[in-house]
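Here the structure is laid out as structure tokens; the discussion comes afterwards.
The values are calculated or read from the model by the stated rules, or taken from the named source; none is laboratory data. Just so it is clear, the model here is predicted, and its values are computed rather than measured. For neighbour counting, all protein chains shown are included, and Cβ atoms are generated from backbone atoms with ideal geometry for every residue, glycine included.
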């Protein structure tokens with residue numbers, strides 16, 4: 001069996017149950033992105049969740065509609081044929097999903113902007129490791145900084161390739177994500193995101209040179225003011241050497 005649309009279906013029932021049991025979903029509106037063949041969907045429904053399943057593949061949507069016809073009729077499952085990386089989400093409280101690897105970054109940032117109570121998401125292990133890489137270390141990046149600024153991250157467990165069909169070439173990791181306010185005050189969330197994105201697009205450059213190369217993002221006046229105002233140790237650092245407080249300091253110069 002070949003992967004279709006970057007989909008590797010989780011087939012180990014023990015792992016499916018572990019994922020479904022990480023959060024109490026009874027009576028809660030649960031967004032499931034990429035339900036695939038419905039294994040996790042079934043587990044969530046059996047635990048009393050009100051599932052909003054977003055699936056891009058039209059053939060899988062047809063199969064899911066047939067398999068879960070009674071649940072759809074009863075209002076326990078809403079099946080939505082849409083692209084979770086672009087299309088609007090239905091109202092939800094919790095996210096529990098085995099995300100497609102190729103869309104993990106875009107969907108994660110969308111969820112962060114949309115807001116949720118708690119998320120249980122499965123990623124490629126390498127992606128999850130980048131997410132939890134501490135600020136100020138070589139492995140951190142835009143994903144690490146944004147997620148650690150606005151959420152608490154908990155690595156739950158890893159899953160081997162043989163738990164999936166077709167087998168991926170990599171291990172997977174299940175993460176539990178709980179939103180929280182930033183540790184350091186941030187005056188403008190959108191501008192903060194722009195600063196983090198701009199600096200990591202020049203990650204091999206110092207902050208000073210990265211800002212100078214970001215005239216398409218910031219005004220010349222703001223860049224000049226930032227370079228004149230920021231401490232020399234921040235300006236001389238590369239983005240992966242900065243801490244969350246440093247990013248907040250830069251972004252608050254609005």
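Here is how the numbers come out for the structure above:
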| quantity | calculated |
| --- | --- |
| Any chance residue 45 is in the same structural domain as residue 170 (by TED's automatic domain parsing), assigned to a strand (DSSP E or B) and more than 17 Å from the chain's Cα centre (by Cα) | no |
| Segment 185-197 - residue that is closer than 22 Å to residue 138 by Cα and touching a helix residue (DSSP H, G or I) at 6+ places or on another chain (Cβ under 7 Å) and, of those, surrounded by the most Cβ atoms within 10 Å (Cβ to Cβ) | 195 |
| Filter pass, residue 159 being crowded, with 19+ Cβ neighbours inside 10 Å and farther than 16 Å from residue 145 by Cβ | yes |
| Pairs with Cβ under 7 Å, 6+ apart, first in segment 162-174 and in the same structural domain as residue 36 (by TED's automatic domain parsing) and without any contact (Cβ under 8 Å) to a residue 12 or more places away in the chain, second in a strand (DSSP E or B) and surrounded by fewer than 20 Cβ atoms within 10 Å (Cβ to Cβ) | none |
| Selection count where residues are surrounded by fewer than 19 Cβ atoms within 10 Å (Cβ to Cβ) and either out of contact with any helix residue (DSSP H, G or I) (no Cβ under 9 Å at 6 or more places or on another chain) or more than 22 Å from residue 159 (Cβ to Cβ) (or both), scope segment 81-117 | 20 |
| Residues that are in a loop (DSSP other than H, G, I, E, B), without any contact (Cβ under 8 Å) to a residue 40 or more places away in the chain and surrounded by fewer than 17 Cβ atoms within 10 Å (Cβ to Cβ), drawn from segment 201-217 | 201, 204, 205, 213, 215, 216, 217 |
